[in-house]
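S.K.: Could you have a look at this structure, given as structure tokens, before my questions?
The values are calculated or read from the model by the stated rules, or taken from the named source; none is laboratory data. It should be emphasised that the depicted structure is a prediction, and the values quoted were computed from it without experimental measurement. Heads up, the Cβs are rebuilt from the backbone with ideal geometry, glycines too, and the neighbour counts pull from every protein chain shown. To get the accessible areas, we keep the full protein, side chains included, count just its heavy atoms, and leave off ligands, DNA and RNA. Shrake-Rupley method; radii C 1.70, N 1.55, O 1.52, S 1.80 Å.
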Amino acid sequence: MAQEKAKDKEKDKKKVDPTTAAIALGWKLWILFMFGFYFLGYSAILSIALGAIAASCGGSILRWWYDPEPPNFDLPDQPKRRTLAVVTQERIAKKQARAKEEKQPSKRRQLQDLRKKLLGK
């Protein structure tokens, strides 16, 4: 029983808070890159800025790496897959509908015919 409690305490110590670890890594990366860029000959302000960028990137990556829950992305609804037979039937139906529309006279022509019938011309 005492051994189990000791193991639990060790496990709790080993668990790393991702935010704390990311901040610690960020500071380390900032110092490393800041001095690295400065010794490469960059100006002090640019070295500080580039070091800060490296620190934020490294900290963000570490935070993401140790995140206990993966992000839940809602994917858009995928269209249903259709078989070749269904697609063929849809094309045939469209062709038949177009053929029907072509056979029917236009609205203007229908109105002219109606006027002729009513006026007897």
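S.K.: Going by alpha carbons, how many degrees (0 to 90, nearest 10) lie between the helix axis of 44-65 and the longest principal axis of the chain?
M.R.: For 44-65 against the chain, the angle is about 70 degrees.
S.K.: When only the heavy atoms of the protein chains count and the probe is 1.4 Å, how do Ile61, Ile45, Ile92 rank by accessible area, highest first? Let's see the in-between values first.
M.R.: Numbers: Ile61 105, Ile45 135, Ile92 75 Å².
The residues order as Ile45, Ile61, Ile92, largest area first.
S.K.: What angle do you read, to the nearest 10 degrees and between 0 and 90, between the alpha-carbon axis of helix 84-103 and the longest principal axis of the chain?
M.R.: Taking Cα atoms only, the helix is inclined about 40 degrees.
S.K.: Here are several values of Rg and Dmax of the Cα atoms in Å: (1) 18.6, 61; (2) 36.4, 111; (3) 15.8, 46. Which one was derived from the coordinates shown?
M.R.: Label (2) holds the value from this structure.
S.K.: Still on this structure, please answer the following. Only Cα pairs within less than 10 Å get springs; with that Gaussian network setup on the chain, which residue of Ala85, Ala55, Ala24 has the largest fluctuation?
M.R.: In the Gaussian network model the winner is Ala85.
S.K.: Quick one: helix 18-39 against the long Cα principal axis of the chain, what's the angle to the nearest 10°, folded into 0 to 90?
M.R.: Computed tilt is about 80 degrees.
S.K.: As an exercise, use a Förster radius of 41 Å and the Cβ-Cβ distance of Lys28 and Asp74 to find the FRET efficiency, rounded to the nearest 0.05.
M.R.: Details: r = 36 Å, r/R0 = 0.88.
Once rounded, the FRET efficiency stands at 0.70.
S.K.: Rounded to the nearest 0.05, what FRET efficiency is calculated for Gln96 and Lys117 with R0 set to 25 Å and r the Cβ-Cβ distance?
M.R.: On the way: r = 29 Å, r/R0 = 1.17.
E between Gln96 and Lys117, to the nearest 0.05, is 0.30.
S.K.: Can you work out the FRET efficiency for the pair Ser43 and Asp67, with r the C-beta to C-beta distance and R0 = 35 Å, to the nearest 0.05?
M.R.: It comes out at approximately 0.45.
S.K.: Determine the share of the range 11-101's accessible area contributed by carbon and sulfur atoms, expressed in whole percent, with a 1.4 angstrom probe. Display every interim value, and only then the final one.
M.R.: On the way: 5350 of 8230 Å².
Ligands and nucleic acids excluded, carbon and sulfur reach 65 percent.
S.K.: For the chain, what does the accessible surface come to per residue with a 1.4 Å probe? Please give it in Å². Please list the in-between numbers first.
M.R.: Values: 11690 Å² over 121 residues.
Per-residue value: 97 Å².
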